[in-house]
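Laboratory data are not the source of any read-out in this text; all were calculated from the coordinates shown. The structure displayed is predicted, hence computed values, not measured ones. Every residue, glycine as well, gets a Cβ built from its backbone with ideal geometry; the counts of neighbours run over all protein chains shown.
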Amino acid sequence: MASLTAINRAVHPASETQRAAWYRQTDLRRLLPAREPRLSGQAFWNHMDGVTESRIQQIEKELSARLVEPFHLSLRTLTYDGTNFFTYLRTRTPVTLPQRGHNKQKRGDLRQVNLGMLVSTDFHIPLLHKVYEGNVADATIFQTLSEELRERYADLARDGQHITRVFDKGNNSAEAFETVDASAFHFVGSLVPTRHADLLEVPLRKYEPLPGERLKDCLAYRMRKTVFGHERTIVITYNENLLAGQMQGLSSNLDKTRQRLAEIQPVLRGPETRFFLPRVVRGAVRGGRAGS
C-alpha cells in the first residue's frame, strides 16, 4: 500500500478515491499485485493513522541522506519558501491545524494549512518541510526554523563549510532577521518595493550590465543600505523583457476589468437600482451643500 501510494504521488498524483482506477491502467498490477479494497480511500487513512509525526520526520531525514550522498548533490545553496492549501473542512470540525488566514488562492473564506519547504537548488531535492497552522504568518514560522535547518544541514553535509539560504519577502520580519543574523548561514532575500521607495528612484543610467549569457538582458545596481538593523548589500535589477511581460499582464487585467464594468453598468442603471440609490445620493448631496 505504501509503495503504491508513493509511486502514484511521484508519477501521476490522484485522489484516494481515484487511486484504484489509476492502478488498473498500469503494469503495477503485475509488479506489485494488490487487491483493490486495499487501494480505497479508507484503507489509505487507516495506514496513515499508524504513521506518527516523528516517524514522518525520520523518513524524510533518511530519504534526503540517500539522495544527497550517492548523487553528490551540492548543498551550498538552499531555497526556502512557504505556501498554503485551502480545505473544505467545516468551521465546527474540532481540529487545530486548519485555520483561516491569508490564502494565496484568494480563498480566505476557507480553513487552510500552511507548508514551508526547504529544497536544494541542485535538482530541487526536498530536504526539510514544516506543516503549521493556517493562521500563522510565514515570517513567524521562518524565524523558528534556523535551528532545524542547522541540524539538518549538519547531518547531510558533514564536510560543508558554507551555506546560503534563499528566501522571499514573505518571510521578512525584524524578529526573523535577528535569527538569521545570529546563525552561521549566508542569505539572499528580497525586499518589498513599496517599503523602499528610495531604491525605486535610482536612475536607470546608474545600472550596469551583468556578465554571462544567462544575464545578458539584465541590468543591476549595487549599493549598501541599513535594513532590519544592519547594513546590507542591496542589488536592484532591471530586465526590459520582464517589464514588457508585466505591462502586458497589467493591460490584460485592465481590459478585463473595463469589460466587466461595462457589463454591469446597465444593471446599475436599471429600475431596481434607481429605486434605492438616488435616495442615498440625494441625502449625501444635500448634506454636502448644507455644510459648504
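Annotations
- Gap separating the Cα centres of the stretch 91-124 and the stretch 168-241, nearest whole Å: 27 Å
- Stretchable slack from A220 to R38, in nm (0.36 nm times residue separation minus alpha-carbon distance): 59.8 nm
- The alpha-carbon atoms of the stretch 174-235, seen along their principal axes, cover 35, 26, 16 angstrom, with the largest extent given first.
- FRET efficiency, 1/(1 + (r/R0)^6) with R0 45 Å, evaluated for H72 and K104 via beta carbons: 0.85
- Where N is the number of residues in the stretch 80-126, Cα Rg divided by 2.2 N^0.38 Å: 1.40
- Computed over the stretch 118-245, the range of Cα coordinates on each principal axis works out to 46, 32, 29 Å, biggest value leading.
- Sorted largest first, the principal axis extents computed over the alpha-carbon atoms of the stretch 39-117 equal 47, 32, 22 Å.
- Two-site FRET efficiency, V136 against E213, from Cβ-Cβ distance with R₀ of 51 Å, rounded to 0.05: 0.75
- Alpha-carbon Rg/Rh ratio, for the stretch 195-270, with Rh computed the Kirkwood way: 1.24
- Where labels lie 7 Å past Cα in the beta-carbon direction, separation of F228 and T93 in nm: 3.4 nm
- Value of D in µm² per second that Stokes-Einstein yields for the stretch 73-190, Kirkwood Rh from Cα pairs, at 20 °C (1.002 mPa s): 141 µm²/s
- At q = 0.11 Å⁻¹ the log10 of I(q)/I(0) for the stretch 1-90 amounts to -0.47, computed by Debye summation with a single uniform scatterer per C-alpha, solvent ignored.
- Normalised contact order of the chain, rounded percent, pairs of Cα under 8 Å and 6 or more residues apart: 10 percent
- Bins of 10 Å from zero: percent of alpha-carbon pairs in the stretch 1-51: 25, 64, 11
- Of the trypsin sites (Lys or Arg not before Pro) found in the stretch 60-111, the ones in coil according to DSSP and having at most 10 other Cβ atoms within 10 Å of their Cβ are R90, R92, K106.
- By the equivalent-ellipsoid construction on the alpha carbon gyration tensor, the chain comes out with semi-axes of 43, 35, 21 Å, ordered largest to smallest.
- Here the calculated FRET efficiency for E62 and R269, from their Cβ-Cβ distance with R0 = 51 Å, stands at 0.15, rounded to the nearest 0.05.
- Cα-centred dipole magnitude for the chain, charges only on beta-carbon of K, R (+1) and D, E (-1), debye, nearest 20: 1560 debye
- Label-point gap, in nm, between L28 and E178 - each point 7 angstrom along Cα→Cβ: 4.8 nm
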